Amino acid sequence: MTIKLKRAYEAPAKSDGKRILVERLWPRGVKKEEAALDDWFKDIAPSPALRKWYGHEPEKWPEFQKRYRKELAANSEEVERLRALCVKGIVTFIYAAKDEERNSAVVLRAYLEK
């Protein structure tokens with residue numbers, strides 16, 4: 001399983017493999033044609049309440065990871081649907097967050113790889 005991560009604002013590349021948006025909301029200012037997505041997993045993203053609580057505040061990162069993993073565990077059908085795509089070849093999770101080290105796509109990839 002090879003899962004790459006890429007911001008929605010970066011240009012698509014052939015090396016991305018399948019490009020999957022893993023955000024609940026469409027990234028601001030990104031045109032659908034430019035995004036070159038193969039799929040959009042809205043329902044696997046953190047809940048609106050969790051996203052709002054986290055607010056990308058670095059000191060909340062450890063707790064955000066725990067809470068998001070709980071949400072993923074409760075969403076096993078969608079997780080398994082995504083995992084099935086990931087085992088077929090290279091997949092790139094597309095996300096919108098500015099912080100490349102502390103965002104939901106990082107947690108999702110780690111969750112699927114374990």
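Could you tally the net charge around ASP38, taking each other residue with its Cβ under 15 Å from the Cβ of ASP38, Lys/Arg +1 and Asp/Glu -1?
Working: positive: LYS4, LYS6, LYS14, LYS18, ARG19, LYS32, LYS42, ARG81, LYS88; negative: ASP16, GLU23, GLU33, GLU34, ASP39.
That works out to +4.
What ranking do 106-112, 7-13 get when scored by the average of other Cβ atoms within 10 Å per residue, highest first? Can you show the working numbers first?
Numbers: 106-112: 18.6, 7-13: 13.1.
So the peptides 106-112, 7-13, ranked by packing, come out 106-112, 7-13.
Straight distance only, please: which lysines reach the Cα of LYS60 with their own Cα at less than 20 Å, same-chain residues fewer than 8 apart left out?
LYS52, LYS70, LYS98
Output needed for the chain: three equivalent-ellipsoid semi-axes, defined as square roots of 5 times the C-alpha gyration tensor eigenvalues, in descending order, whole Å. List each step's numbers first, then the result.
Values: eigenvalues 87, 59, 30 Å².
Taking √(5λ) for each eigenvalue gives 21, 17, 12 Å, largest first.
Could you work out the helix-only [θ] at 222 nm for the chain, with each DSSP H run of four or more residues adding -39,500 (n - 2.57) and the total divided by the number of residues, to the nearest 500 deg cm²/dmol? Please list the in-between numbers first.
Details: 5 runs with 45 residues, N = 114.
Using -39500 (n - 2.57) per qualifying helix, the result is -11000 deg cm²/dmol.
Can you list the aspartates and glutamates whose alpha carbon sits under 20 Å from that of LYS14, skipping same-chain ones fewer than 8 residues off?
By straight Cα distance, LYS14 reaches GLU33, GLU34, ASP38, ASP39.
For the stretch 78-114 and the stretch 27-76, what is the separation of their C-alpha centers, rounded to whole Å?
That distance is 10 Å.
Give me the net charge of CYS86's neighbourhood, meaning all other residues with Cβ under 14 Å from the Cβ of CYS86; Lys, Arg count +1, Asp, Glu -1.
Working: positive: LYS4, LYS18, ARG19, ARG81, ARG83, LYS88, ARG109, LYS114; negative: ASP16, ASP38, ASP39, GLU78, GLU80, GLU113.
Computed value for this residue: +2.
With θ set to phi - 60° and the Karplus curve 6.51 cos²θ - 1.76 cosθ + 1.60, what are the ³J(HN,Hα) couplings of the stretch 13-23 in order, to the nearest whole Hz, using x for Gly and Pro?
9, 4, 6, 5, x, 6, 9, 10, 6, 10, 10
If Lys and Arg each add +1 and Asp and Glu each add -1, what is the summed charge of the other residues whose beta carbon sits under 12 Å from the beta carbon of ALA49? Numbers along the way, then the final one.
Values: positive: ARG24, ARG51, LYS52, ARG67; negative: GLU71.
That sum, taken over residues with Cβ under 12 Å, equals +3.
Bear in mind that the values in this text are calculations on the coordinates, not laboratory data. None of the values given here were measured: they were computed from a predicted structure. Don't worry about glycine lacking a Cβ; one is built from the backbone with ideal geometry, like all the others, and counts go over all protein chains shown.
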